[in-house]
Each structure stands twice: as C-alpha cells, then as structure tokens.
C-alpha cells in the first residue's frame with residue numbers, strides 16, 4: 001500500500017522550519033561590501049552597497065539536496081513534521097533525482113514570481129505536487 005500524501009499545512013510548516021534553519025546556518029556566509037561607481041549625471045563617484053549571498057545560496061542548496069538524498073528523503077523540518085520525499089512509486093529518491101528537485105526549485109525561485117506559482121500547484125494538484133516535484137517525479141508523503 002502506498003504511503004499517504006503529506007498534508008499541505010504540515011508541508012508548509014516544515015518548509016518554514018527549514019528556511020529558519022538554513023538562514024541560521026548560512027547567515028555567516030552572507031556579508032555586505034561597498035563598491036564605487038561613477039554617477040554619470042552628476043559626474044561624482046558614489047558608494048553603493050553590494051550584498052554577497054552566493055556562499056549562502058550554496059549552503060542552502062547543499063542543505064536541501066544532501067539531506068533529501070542521504071537522510072531518507074527528509075530535511076530537518078520534514079523530519080520534525082513526519083514527512084519525507086519519495087519518488088512517485090514510493091521508493092527512496094536518488095542523488096540525481098534530489099539534485100534535479102532542488103535545481104528546479106532554485107530556478108523557479110530565481111525567476112520572477114515562479115516560486116509562488118511553484119508552491120500554488122500544491123493547492124490544486126491531486127497528488128499535492130509542486131512544479132519541482134513534477135519535474136523530479138517526486139512526492140511528499142507521511143512517515
């Protein structure tokens with residue numbers, strides 16, 4: 001018998017917990033510096049802040065990808081709320097499948113407003129799949 005699909009609310013709260021955890025882990029890798037550019041209109045050099053977040057993004061990607069691939073399809077948030085990611089047949093996700101799931105997620109979030117559309121699919125899809133789940137052929141199920 002296939003596992004029961006994970007609830008939408010528990011999935012939301014697991015995601016919020018994961019965002020908090022990733023924020024805490026990656027915050028030391030986010031920093032701000034300043035650059036100097038020439039303001040063409042005034043002819044004056046001005047300082048502008050530059051936010052460096054690439055390392056923080058790498059930490060976040062690795063968190064989701066590696067935990068999903070090697071920790072029974074669970075991030076810490078999913079484990080706390082008794083959820084896990086499986087393939088559509090209920091089997092454990094592979095390393096490549098977990099990577100595809102995260103790449104699809106990150107591409108959609110980096111593209112204007114597609115992250116919200118990705119999440120909205122959970123509400124209307126019978127299998128409670130977001131677009132990144134469909135791309136990677138995964139489900140979020142109860143443990």
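Quick notes
- Computed over Cα pairs, the Kirkwood radius of segment 71-127 leads via Stokes-Einstein (0.890 mPa s, 25 °C) to a diffusion coefficient of 194 µm² per second.
- Rounded to 10°, Cα long-axis angle of helix 95-110 versus longest principal axis of the chain: 50
- Estimated D of segment 44-88 in µm² per second, where Rh is the Kirkwood radius over Cα pairs and Stokes-Einstein applies at 10 °C, 1.306 mPa s: 124
- Pairs of Cα atoms nearer than 8 Å and 6+ residues apart set the relative contact order; for segment 78-143 it is 45 percent.
- Given their separation in residues at 0.36 nm each and the Cα-Cα distance between them, residue 76 and residue 142 gain 22.3 nm when the chain is fully extended.
- Principal axis extents of the C-alpha atoms in the chain (largest first, rounded to whole Å): 71, 29, 27.
- Sequence-separation-based contact order of segment 2-143, relative, with Cα cut under 8 Å and 6+ spacing, percent: 28
- The alpha carbon radius of gyration of segment 7-90, expressed as a multiple of 2.2 N^0.38 Å, is 1.63.
- Over segment 58-102, relative contact order from alpha-carbon pairs under 8 Å, at least 6 apart, %: 40
- Ordered by the count of other Cβ atoms within 10 Å of each Cβ, fewest first, 10, 4, 92, 101 give 4, 92, 10, 101.
- Rounded tilt (10° steps) of 114-124 against the dominant C-alpha axis of the chain: 20
- Compared with the dominant principal axis of the Cα atoms in the chain, helix 54-70 is inclined by about 10°.
- Helix-derived mean residue ellipticity, 222 nm - over the chain, DSSP H n ≥ 4, -39500 (n - 2.57), to 500: -16000 deg cm²/dmol
Taken together, the values in this text are just the output of simple stated rules run on the coordinates, not laboratory data. Remember, predicted model here, so these are calculated numbers, not experimental data. Because the Cβ atoms are built from the backbone with ideal geometry, glycine has one as well, and the counts that use them run over all protein chains shown.
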